[in-house]
Amino acid sequence: MSGEMNLSVLIKEMKPFVNKGEYVFTSVQETSNIHTKDIIGMFKELEGMTLILEKEVADNLGLDYSFKASWITLKIHSALDAVGLTAAFSSELAKHNVSCNVVAGFYHDHIFVDKKDEAKTIDVLTNLSKSV
């Protein structure tokens, strides 16, 4: 099943959704002590394995982190080869001084923003969606 490719539709129908909780990014050399069910996201880098975890999981494992984030999912099924959605919302968030870390899943785009910017992010994305 392929996702939506039309940029106007993607923006208009993105429907940002806040996943409850607080999330962190951390880097580890070894993942054998971490249950895969607890890993929200994982990316292998030269320096180690970057993990996105619930803050509570990271705290229980004694892992270091410096960024506490909200996780916002765009509910539209975007095609992995769609052009412009990330640029559109990240540019709009930048205009409002909101930093975002984006992860593309098979079905949805996921945005991690500073916890303090959660409400502002939803407002910016909702207004962007209404502007199309």
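The values are calculated or read from the model by the stated rules, or taken from the named source; none is laboratory data. Small disclaimer: the values here were computed from a predicted structure and weren't measured. In this analysis, Cβ positions are derived from the backbone assuming ideal geometry, glycine residues included, and neighbour counts consider all displayed protein chains. Only protein heavy atoms, including side chains, enter the accessible area calculation; ligands, DNA and RNA are left aside. Shrake-Rupley method; radii C 1.70, N 1.55, O 1.52, S 1.80 Å.
Numbers for the structure displayed
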read-out	value
For residue 62: the one exception among (1) more than 16 Å from the chain's Cα centre (by Cα); (2) free of Cβ contacts under 8 Å to residues at least 24 places away in the same chain; (3) open to solvent by 70 Å² or more (accessible area, probe 1.4 Å)	(3)
Residue check, residue 88 modelled with pLDDT of 95 or more, touching a helix residue (DSSP H, G or I) at 6+ places or on another chain (Cβ under 7 Å) and of a type in the set (Gly, Ala, Ser)	yes
Selection from the range 26-55 of residues that are assigned to a strand (DSSP E or B), open to solvent by less than 60 Å² (accessible area, probe 1.4 Å) and in contact with a helix residue (DSSP H, G or I) (Cβ under 9 Å, 6 or more places away or on another chain)	26, 28, 39, 51, 53
Qualifying positions in the range 1-44 - over 19 Å from residue 77 (Cβ atoms), in contact (Cβ under 8 Å) with a residue 40 or more places away in the chain and of a type in the set (D, E, K, R)	22
Count - residues of the range 10-25 that are among the aliphatic types (A, V, I, L, M) and either in a strand (DSSP E or B) or loosely packed, with under 14 Cβ neighbours inside 10 Å (or both)	2
Every residue from the range 4-21 that is closer than 27 Å to residue 59 by Cβ and more than 12 Å from the chain's Cα centre (by Cα)	20, 21
